[in-house]
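Asks: Below: one structure in structure tokens.
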Amino acid sequence: MPSFLEILLSLLLATALALVILRTMMRRPPRAKRFGPWGLNLTLGSAAASMYMRAYVAHHGIFALRMPETVYFGAGSDSSGQALQAASCYRIRGRDLDTRWWSLTAYQHDKLIPNVLNRYSFSKTTISRDADGSWEIHLGPRHRPGNWLPSGEPAG
């Protein structure tokens with residue numbers, strides 16, 4: 001018969017192992033279908049989400065909505081596969097999505113990026129469009145004319 005100490009050590013070891021697994025799963029973004037640099041996971045916010053995905057969203061998702069209300073596209077790399085960098089400049093071009101409302105928001109480490117303009121996103125109602133209805137957003141640390149989304153303060 002195992003002693004009290006052996007049982008206690010086994011429980012502590014099992015708990016520690018469970019916490020390590022949970023922490024690892026919460027740091028790993030859910031797998032997504034890829035559309036160029038953009039990823040989309042249709043199980044986010046749905047009943048089909050695993051307990052690990054739900055934990056990930058609970059930890060990383062700021063005001064995450066359920067599947068019937070929204071879908072979330074995310075990008076961590078540019079169109080050539082290089083990791084996005086706050087000091088670099090990017091151009092995001094597109095047209096309105098076939099929806100009542102959309103927004104494009106830049107995050108760094110799951111937080112809005114502080115900037116002097118307090119500008120964190122563009123949406124269907126705030127973006128400036130070209131004559132053909134297309135739009136272009138410049139993401140980077142230095143001011144650009146038009147739809148500029150700051151990625152942080154420029155390096156000195």
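The values are calculated or read from the model by the stated rules, or taken from the named source; none is laboratory data. The structure presented is a predicted model; accordingly, all values stated were derived computationally and were not measured. Methodologically, a virtual Cβ is constructed for each residue, glycine included, from the backbone with ideal geometry; neighbour enumeration extends over all protein chains shown. Surface accessibility is based on the protein's heavy atoms, side chains included, excluding ligands, DNA and RNA. Shrake-Rupley method; radii C 1.70, N 1.55, O 1.52, S 1.80 Å.
Asks: Once both axes come from the Cα atoms, what is the angle between helix 51-60 and the longest principal axis of the chain, in degrees from 0 to 90, rounded to 10?
Replies: It is inclined by approximately 50 degrees.
Asks: What percentages make up the Cα-Cα pair-distance distribution of region 77-122 when the bins are 5 Å wide from 0?
Replies: Pairs per bin, as whole percents: 5, 14, 23, 26, 19, 11, 2.
Asks: Accessible surface of Thr15 in the full protein assembly, 1.4 angstrom probe, to the nearest 10 Å²?
Replies: Thr15 exposes around 80 Å² with every protein chain in place.
Asks: Using a 1.4 angstrom probe, figure out how much accessible area the chain has per residue, in square angstrom, rounded to the nearest whole. Intermediate values should be presented prior to the final figure.
Replies: Working: 11610 Å² over 156 residues.
Averaged over the residues of the chain, the accessible area is 74 Å².
Asks: Give me the percent of Cα-Cα pairs in the chain that sit more than 25 Å apart, rounded to a whole number.
Replies: Working: 5362 of 12090 pairs.
Percent of Cα pairs beyond 25 Å in the chain: 44.
Asks: If amide hydrogens are placed 1.01 Å from N in the peptide plane, which non-local residues have theirs closer than 5 Å to the one on Ser77?
Replies: Placed amide hydrogens put Leu84 under 5 Å from Ser77.
Asks: Here is a further query. Quick check: at a probe of 1.4 Å, how many percent of the accessible area of the chain sits on carbon and sulfur atoms?
Replies: Carbon with sulfur: 60 percent of the solvent-accessible area.
Asks: How much solvent-accessible surface does Glu136 expose, in Å² to the nearest 10, with a 1.4 Å probe and all protein chains in place?
Replies: 60 Å²
Asks: Same structure, new question: What do you get for the angle between helix 4-27 and the principal long axis of the chain? Use alpha-carbon atoms, 0 to 90 degrees, nearest ten.
Replies: On a 0 to 90 degree scale, this one is about 10.
Asks: Still on this model: Across region 120-135, in residue order, what do the Karplus-derived ³J(HN,Hα) couplings come to in whole Hz, using 6.51 cos²θ - 1.76 cosθ + 1.60 with θ = phi - 60° and x for Gly and Pro?
Replies: 10, 6, 10, 9, 4, 9, 10, 7, 8, 10, 6, 4, 7, x, 6, 9
Asks: Taking θ as phi - 60°, what are the ³J(HN,Hα) couplings along region 147-152 by the Karplus curve (6.51, -1.76, 1.60), each to the nearest whole Hz, with x for Gly and Pro?
Replies: 7, 9, 10, x, 9, x
Asks: In addition: Of all the stretches in the chain, which is the longest one without any exposed loop site, taking trypsin sites (Lys or Arg not before Pro) in a DSSP loop (any state but H, G, I, E, B) with at most 13 other Cβ atoms within 10 Å? Intermediate values should be presented prior to the final figure.
Replies: Values: sites that count: Arg31, Arg66, Arg95, Arg100, Arg129, Arg142.
Of all site-free stretches, the longest is 32-65.
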